[in-house]
Structures are given as structure tokens and as C-alpha cells.
1. Counting Lys and Arg as +1 and Asp and Glu as -1, what is the net charge of the other residues whose Cβ lies under 14 Å from the Cβ of Asp403?
2. Taking amide H atoms as placed 1.01 Å from N in the peptide plane, list the residues 5 or more away in sequence, or in a different chain, whose amide H sits under 5 Å from that of Arg107.
3. Sorted by packing (mean other beta-carbon atoms within 10 Å per residue), highest first, where do 391-398, 126-133 land?
4. With all protein chains present, how much of the accessible area of the range 317-407 (probe radius 1.4 Å) comes from carbon and sulfur, to the nearest whole percent?
5. Quick one: grab Rg to one decimal and Dmax as a whole number for the chain, Cα atoms only, in Å.
6. Assign unit charges at the C-beta atoms only (+1 for Lys and Arg, -1 for Asp and Glu), then state the dipole size of the range 255-348 relative to its Cα centre in Debye, rounded to the nearest 20.
7. Whole number please: convex hull volume per residue, Cα atoms of the range 277-418, in Å³.
8. What accessible area per residue comes out for the range 227-363, rounded to a whole number of Å², with a 1.4 Å probe?
Amino acid sequence: MLSVAVVGSGPSGVYTAQALLRQSLVPDVRVHVLDRLPTPYGLVRYGVAPDHEKIKSLQNGLRAVLEDDRVTFVGNVGVGGPDGVSPARLAELYHAVVYCVGASADRRLAVPGEGLPGSYSATRFVSWYSAHPDAGADPFVLDARSAVVIGVGNVAVDVARILARGADELRATDVPSAALGALEESRVRDVHIVGRRGPSQARFTTKELRELGALPGARVVVDPAELALDPAYAAPEGLPGVPPAVVRRNLEVLRGWSAAGEPAAGGAGRRIRLRFFLRPVELLERDGRVAGVRFARTAPEAGGGVRDTGAYEDIAARLVLRAVGYRGVELPGLPFDAVRGTVPHAAGRVLRDGVPVPGAYVAGWIKRGPTGVIGSNRSCAKETVASLLADAAELRGRAAADDPLAVLREWGLRPVEWSGWLSIERAEAELGRSLGRGPVKIPDWPGLLGAARDGER
């Protein structure tokens, strides 16, 4: 039997397990899917916005893989951290280990004032309203009247939408009670989504963009002058350099909003302002906390870049969220490319100084960087699994533990298996019923582990 550990139970990890199950070259495969959290599904559980039920339903497909008899979920087991298992020790337990640990760090703006109270990463905000147990009770400044979201990708659109959506609309979701209560009391009325380049280079999808315009009680505002600055704005179809279809669709949506102009005074309760060609240069301070953002006005250059024009604009805001991308985090014991934020590899085989590390593989964002959509992880996982299978004869010659879970327990760890996760699910359903809602996530480590242990007794 070929014994494989997959570190990470998000899409890339589960798709790796699925690829191992579906191949026929090595039929006798046993897969353990490890996760630092006692809950599976990774960013599908803790990164997808609560009002995106269709995307969250991807959990059903992931669940089917994790419930396969050849797969064992091993939660509450960290790898590489101070309280977890080192890659070297993990390699003693399995013939092969595939690291699917994602890109958990957020990119920074690197501007003065970024560390002021009231300035946060969008990742932290998403973790808070998604009930990630590491998030805690963050003191987001929801009594602010104005918020600035820096970045023009889908994450920026998600956090802006949550800020602009009424709490009553989120009550039917699994948002934790504390976050729902805070959003209910929120005084945010203006949400600015700001990008340093033009709309044709924005990373949001048309579907995400249109959702902003469908929010009841909110209006989207686009400055026609900023829209007209984009070289792609007036590009007629059929000419060289015409933007891709998704860009044309985005521009059509933005054009409609720009034509509508400013909402009348006393109209919609919230405004979402999409701003372009503004580069953050400083977060402004008043009374010891963030009071706004100073932007340099940019203009497009040939080749897709931008240049500063020498003009500046300040946007007042007591809440600033940066959504400018993710990057991978070094896992102690594995080689790491600090520039790319990935583990060096060749077709998924981990490389140290250009030489494959026996039995070590990567898939997902830690392999290719934070690019693509959830489905992109399928082909990425298949490539890695193909490399692993090509090495199968050599891998079988490596030592592996007969019962890795027993060894992990001997090392002082307390794995949460699938029965423990099912107990967490039941506890969240019961919590929701007690609140007159559907299932509500348990937001803290003691609550999650307590619920898991109840199912193991």
C-alpha cells in the first residue's frame, strides 16, 4: 500500500486526494488529509463570503472525497509550526507528503501609517465574518461613516459588499452572532473601492461586480472621468488590442453606473464608490487612529503601467481594508522562494538547491502562487499526482508507519477525525436553531474542540 499525507483540506488538498483515488496506476493507496484546524474545506469554509451560497456548496463535492473509505481526515494537526509536526518527522510516517498549505499571508501596502488602528488586511476582516477561530473579537471600526477598501479584485468586492449589505440579509447565512451583531450596528454609509490602475486591469469578475448593483438599499457610483481615462474604454470591437470579453463586460457594467450619476440626497442609505487611477501613498492619522488615505493620482502608460501625475486626493475614512493580494508563508523545514512566496518545485516535486526532496510534493497556491479560481486547483493537483505516481516504485521503498494516527497521539497531538467534524456540524446546527437561524459557525477554538470531543466520546 502507498501511504500519502496531504497537508491542507482546502480545495487543492482535497483535489489532490481525489486525483490519487481516481488514478489506476497504483490502486492500493491510503490518503490522510491533515489540517491545522479541526474543520475541513479551508478557504471554502473560511474565505468564501457567507452570502455566496452557490460557491460554498462546493463543500458537498469536497465532502464526498473526504468520506471515501480510502481517505482519513486528520484535523487539529499542524505541520511546521511550534506546536505541530515538522516536515522531517511527518516524512517518517508516510511514503509521500503533498503540501497544499495555500498562501495565508496578505500583501502589505508599505506606506506610512499602515499600522494605525483602524487599518486592517481584508484577510483579517474576512476571517472575522467567516468565524475563523484565529480571528478573535477584532475591534473593527464599524461606527465609521466611511470605509476605504484598497484593491480591485474579488476579495475587495466581497468585503465591500458585506459592509454595504444589511444585517437582515445576512441573518440567513452562517455568519457568527458577534459579527452579525456588529454589522447590524454598523454606521458605515460610504464604501470606497480604490485601485491604482484602470478598470480594464481590475481583477474582479463581472458576476461579482454586478452583485454590488443588486444590493437593496445601496447605490454604486462611478466617476465618468476616471472611466474615460482607461485606454480600453473606447476601444471598438474588432480592432487590434480590443480587451478580452470579461473586460468589455466589466466596462459595460461600469458605464451604466457612471451614467446614473450621484444618488439624490436622502436616497439610498449606502453608497459604494468605485475609484480608479489612485495609488495609496499614506494613511492619515487623527487622534491616534486612521482618519483617511492620501492617494496619488495616476495616469495610464503604454504597456499597461501607470505614472504619477503629481496630483493628490485624500479620502476620509476611519476604516481601511487592504485587499492587494496574498503570498505564501515559509514552512520551517521546507525550501522556500521568498521572492515568489512559493516552494521551489518541478511539476510538483519539491526541490532543494535544484534537487528533488524524496517524498515531498506541493500543489495549490504554495506551488504556483495565488492565481486562478478554485477550479484551477484540479489541474494543478493532477500534475503533482502524476509526478508522485511516476515516483511510486521509489516511494514504496521508503519507510512508513503502519498507524500514523497512533504515532501522532504518542507525540502528544490530539487529532480530530471525521466523526469529530460531524459533531461540530451538529453543534453548529443546534446553535443556529437556538438563535432561530440556520447553522451558525462556532467561532473559537475551545468551542470547536469541545464540540469535536463530544462526538468522540
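1. On the way: positive: Arg30, Arg409; negative: Glu92, Asp402, Glu410, Glu417.
Local charge sum for Asp403: -2.
2. Val324, Gly325, Tyr326, Arg327
3. Working: 391-398: 13.6, 126-133: 22.4.
Highest-to-lowest ranking by the protection proxy: 126-133, 391-398.
4. Values: 2330 of 4130 Å².
The computed percentage sits at 56.
5. Rg, Dmax (Cα atoms, Å): 23.6, 74.
6. Details: 15 positive and 10 negative charges, 72 e Å.
Dipole about the Cα centre, nearest 20: 340 debye.
7. Numbers: hull volume 33.9 nm³, N = 142.
Taking the convex hull of the Cα positions in the range 277-418, it is 239 Å³ per residue.
8. Working: 6760 Å² over 137 residues.
Here the per-residue accessible area is 49 Å².
The values are calculated or read from the model by the stated rules, or taken from the named source; none is laboratory data. Source: prediction; values computed, not measured. Backbone-built Cβ (ideal geometry, glycine too); neighbour counts: all protein chains shown. SASA here: full protein model, heavy atoms, side chains in, ligands and nucleic acids out. Shrake-Rupley method; radii C 1.70, N 1.55, O 1.52, S 1.80 Å.
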